[in-house]
1. Collect the residues in the stretch 293-309 that are in contact (Cβ under 8 Å) with a residue 60 or more places away in the chain and surrounded by fewer than 17 Cβ atoms within 10 Å (Cβ to Cβ), keeping them in residue-number order.
2. Would you list the helices (runs of 4 or more DSSP H) that sit entirely within the stretch 86-167 and hold 1 or more residues that are of a type in the set (S, T, N, Q) and open to solvent by 10 Å² or more (accessible area, probe 1.4 Å)?
3. Given the criteria open to solvent by 30 Å² or more (accessible area, probe 1.4 Å), under 22 Å from ALA243 (Cα atoms) and without any contact (Cβ under 8 Å) to a residue 60 or more places away in the chain, does ASP334 qualify?
4. Which residues, counting only those in the stretch 417-430, are touching a Leu at 6+ places or on another chain (Cβ under 8 Å) and open to solvent by 30 Å² or more (accessible area, probe 1.4 Å)?
5. Would you check if ASP294 is in contact with a helix residue (DSSP H, G or I) (Cβ under 6 Å, 6 or more places away or on another chain) and not β-branched (Val, Ile, Thr)?
6. So for the stretch 251-263 (the condition being modelled with pLDDT under 95 and more than 25 Å from the chain's Cα centre (by Cα)), does at least one residue qualify?
7. Specify the residue that is farthest from ARG157 (Cα to Cα); the eligible residues are those in the stretch 60-85 that are assigned to a helix (DSSP H, G or I) and touching a helix residue (DSSP H, G or I) at 6+ places or on another chain (Cβ under 6 Å).
Amino acid sequence: MAALHHLVLPPQLLSCHGPPPLLRFPRTPRPLLHLLPRAAAAATGASAVSAPSDAALQNFRRWLSTHGADTGAVSPAVVPEGIGLVAARNLPRGEVVAEVPKKLWMDADAVASSDIGRVCSSAGDLRPWVTVSLLILREAARGGDSLWAPYLAILPRQTDSTIFWSEQELLEIQGTQLLSTTMGVKDYVQTEFDNVEAEIISANKDLFPGNIAYDDFLWAFGVLRSRVFPELRGDKLALIPFADLVNHNGDITSKEPCWEIKGKGFLGRDVVFSLRTPLEVKSGEQVYIQYDLDKSNAELALDYGITELNSSRDSYTLTLEISESDPFYGDKLDIAELNGMGETAYFDVVLGESLPPQMIPYLRLLCLGGTDAFLLETLFRNKVWDHLELPVSRDNEESICQVIQNACKSALAAYHTTIEEDEELLEREDLQSRHQIAIDVRTGEKKVLQQINDIFKEREQELDDLEYYQERRLKDLGFLGDNGEIIFWES
């Protein structure tokens, strides 16, 4: 499976005030995964995901059986995605296909009971993913002596996740939000590695022999990012051998859970992870699940190394912020906070869908000034957002149109290809997987940016037809008719 523990990071996305950052590589790449039994998969070819040998798969099956895993309904096998679960017989919808006992999980309890449990607990408040990553690296270092050796032997050395892309491959997503997010994630992992390398790894060479490098730690992070079920996050973080081999199918749209943790045996004391098929599956076919219906293509590429041809997966995050140099900064911030927002706001715009409802009022607030600044007075504080949900003035409305159009043009200029050029590239049959992912993501982003630009361009052409605050106020006072005519009151 390519599933995931979703890492929450401060968004490093495009601000409407300028283009995305240029591509930068702050560190020289180090040798990959010298610690592990197989060499890293090459980044060239159809996919960087390597398939395990038949002998490794047979050893893995024996290991599962020996330790009480119920895997009779499906079998691990080499599939186009790398490795997956193939039905051993016809399976009806909802059939349990695997049950994995807790003793095989790699989680916080496994860390605590392992020989690195003491050093991890004494290191202070380590994040769960960091401790489980250290467990993966410790068990990999133990080789055949590890309980999890047969499982670790079938894991891919890389996926097509953008965290594993080369500098040359990353150039294909130049200008995208995915690039800045990828680099942010790698920097985050580097920071965590620097901390544990000094405090735990180097200080305990008996537990971590050899030269464990950043790329080893990044590999362990990538394993968790791509294989942990989304709901198993935080303190619940758990890597479930065998169940994590199930692959993603975008045609599955049900949000019904396909797994549960339950008790078995006497008084239900034996905890197992139970996986069900969400669809009817014929013998010899692969069992699939839906990883996450809410992720964009950029998120799928970052987490799992996949994309979908689905417009609802194409999105772009506009980052808007109240400038500290704004003379009305304090008032605007106060208004934003009173309405559940802040100095910075993030708006996810999806291809073919309407703009987020709070985006336009927030934009009007950002651009409020001049003769419209009276709305920022304390007198209007509790009602100003209601006014911002409708056009305030022609100048204000024109400003938001120009701000967004300029931002879109700036962002589009940062890409090295056009939408038309990318669509021509997608027609090629010799595209490598990572190149296709790059094209899918950047094409989707550009289409959304073009959509946003077109919305505000059209709005700018309708400025003379809009009704603004002053007209609405005069109507409320009875000084303006429904057709805009001035009403004169005579004695």
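The values are calculated or read from the model by the stated rules, or taken from the named source; none is laboratory data. All values derive from a computational prediction rather than experimental measurement. Heads up, the Cβs are rebuilt from the backbone with ideal geometry, glycines too, and the neighbour counts pull from every protein chain shown. In case anyone asks, the SASA skips ligands and DNA or RNA and just uses the protein heavy atoms, side chains included. Shrake-Rupley method; radii C 1.70, N 1.55, O 1.52, S 1.80 Å.
1. LEU309
2. Values: elements: 108-113, 117-122, 128-142, 149-152.
Filter on the stretch 86-167 gives 108-113, 117-122, 128-142.
3. On the way: open to solvent by 30 Å² or more (accessible area, probe 1.4 Å): yes; under 22 Å from ALA243 (Cα atoms): no; without any contact (Cβ under 8 Å) to a residue 60 or more places away in the chain: yes.
Here the answer is no, as ASP334 does not meet what is asked.
4. In the first step, residues of the stretch 417-430 are kept if they are touching a Leu at 6+ places or on another chain (Cβ under 8 Å); the result is 417, 425.
Passing the criteria: only LEU425.
5. Values: in contact with a helix residue (DSSP H, G or I) (Cβ under 6 Å, 6 or more places away or on another chain): no; not β-branched (Val, Ile, Thr): yes.
Against the criterion (in contact with a helix residue (DSSP H, G or I) (Cβ under 6 Å, 6 or more places away or on another chain) and not β-branched (Val, Ile, Thr)), ASP294 does not qualify.
6. yes
7. Start the filter on the stretch 60-85 by keeping residues that are assigned to a helix (DSSP H, G or I), which leaves 60-66.
This time we only want the ones that are touching a helix residue (DSSP H, G or I) at 6+ places or on another chain (Cβ under 6 Å), so: 60, 63.
Numbers: PHE60: 17, TRP63: 21 Å.
Filtering first and then ranking leaves TRP63.
Let's see how each residue does on (1) over 23 Å from the mean Cα position of the chain (by Cα); (2) aliphatic (A, V, I, L, M):
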position	(1), (2)
SER226	no, no
PRO230	no, no
ILE240	no, yes
VAL272	yes, yes
